[in-house]
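**Q** First the structure, which I've put down as structure tokens, then a few questions once you've had a look.
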Amino acid sequence: MRAITGSLAAARGSVEVTRGTRIGYVPQVESVDWNFPITVGEVLAMTRTRRHWPRTTRSERAEMKEVLEGLGLHGLEGRHIRELSGGQQQRVFVARAMFGKPDILILDEPTSGVDVRTRHEILHLLRDLHSKGSTILLTTHDLNGLASHLPRLVCLNREVIADGSPRETLIPEVLERTYGAPLHVLEHGGMPIVLDHDYTSSEVLRDTERQMRSERESRQ
């Protein structure tokens, strides 16, 4: 992913990006210094200015407002980033990427270090962006909370192990080659559920049922 964004040269092989392709990058929330003195609006403005401190034109502020409204962040332009909830913090950096009008949105472990509620918010956000035509590429180790909900997965371990839908890729033989350890896979509610040997199936199923119940309630 860093090679795609141009921040790292490929050690072997090559990465080809069509000239003119705009890429929006969303870092892991754990890598952000949330105490840095900056507001939501200034985070977005940093993508449009080369000045020492971000400033925007009237038209850019109108565009910023539209992007924030589309991501459920209306009225938070002047809010310090540390004052936001986990879900809002993740959305701010998605908004920052979207403010650059990207052709491809890249997210690095978007559910890493977040609570269950925030994970649900991120999942719904990605579904909404994808339904509106955004091309999204992300990395994740969150098999049950995120990967099983995605339309296409590519399992990697120095090479491509599998490429396909969750039903095609979240299977024991693929997961063992990907993670180097045996994993169990059950089907629950029409979805594959990956079980680690460190957990009992009943514990995982109870967690999954709570997650699915919460998702159903949030859609109502």
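**Q** Considering only the stretch 91-104, how many residues are under 18 Å from Val32 (Cα atoms) and in contact with a Ser or Thr (Cβ under 7 Å, 6 or more places away or on another chain)?
**A** Number satisfying all stated conditions: 1.
**Q** For the stretch 78-89, give me each residue that is part of a helix (DSSP H, G or I), out of contact with any strand residue (DSSP E or B) (no Cβ under 9 Å at 6 or more places or on another chain) and in contact (Cβ under 8 Å) with a residue 40 or more places away in the chain.
**A** Listed by number, the residues that qualify are Arg82, Gly86, Gln89.
**Q** Thr140: at pLDDT 90 or above and under 15 Å from the mean Cα position of the chain (by Cα), yes or no?
**A** It is true that Thr140 is at pLDDT 90 or above and under 15 Å from the mean Cα position of the chain (by Cα).
**Q** Run Gly75 past the list (1) assigned to a loop (DSSP other than H, G, I, E, B); (2) surrounded by 20 or more Cβ atoms within 10 Å (Cβ to Cβ) and report the number of the one that doesn't hold.
**A** Failing condition for Gly75: (2).
This table checks each residue for (1) of a type in the set (A, V, I, L, M, F, W, C); (2) closer than 18 Å to Gly24 by Cβ; (3) not in a helix (DSSP H, G or I).
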site	(1), (2), (3)
Val114	yes, no, yes
His120	no, no, no
Leu125	yes, yes, no
His130	no, yes, no
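**Q** Can you tell me which condition Val17 does not meet? The list is (1) aliphatic (A, V, I, L, M); (2) over 20 Å from Met1 (Cα atoms); (3) surrounded by fewer than 18 Cβ atoms within 10 Å (Cβ to Cβ), and all the others hold.
**A** Here Val17 meets the rest and fails (2).
**Q** If you scan the stretch 90-111, which residues turn out to be part of a helix (DSSP H, G or I) and out of contact with any Pro (no Cβ under 8 Å at 6 or more places or on another chain)?
**A** Arg91, Val92, Val94, Ala95, Arg96, Ala97, Met98, Phe99
**Q** Residues of the stretch 149-177 being hydroxyl-bearing (Ser, Thr, Tyr) and either under 20 Å from Gln28 (Cα atoms) or out of contact with any helix residue (DSSP H, G or I) (no Cβ under 9 Å at 6 or more places or on another chain) (or both), which ones?
**A** Ser165, the sole residue that qualifies.
**Q** While we're here: If you take the residues of the stretch 105-135 that are β-branched (Val, Ile, Thr) and crowded, with 18+ Cβ neighbours inside 10 Å, which of them is farthest from Ile193 (Cα to Cα)?
**A** Ile106
**Q** Still on this structure, I have one more. Only residues that are closer than 25 Å to Glu63 by Cβ and free of Cβ contacts under 8 Å to residues at least 24 places away in the same chain: list them for the stretch 1-47, please.
**A** Gly6, Val17, Thr18, Arg19, Gly20, Glu42, Ala45
The values are calculated or read from the model by the stated rules, or taken from the named source; none is laboratory data. All values derive from a computational prediction rather than experimental measurement. All Cβ positions, even for glycine, are placed from backbone atoms using ideal geometry, and neighbour counts span all protein chains on display.
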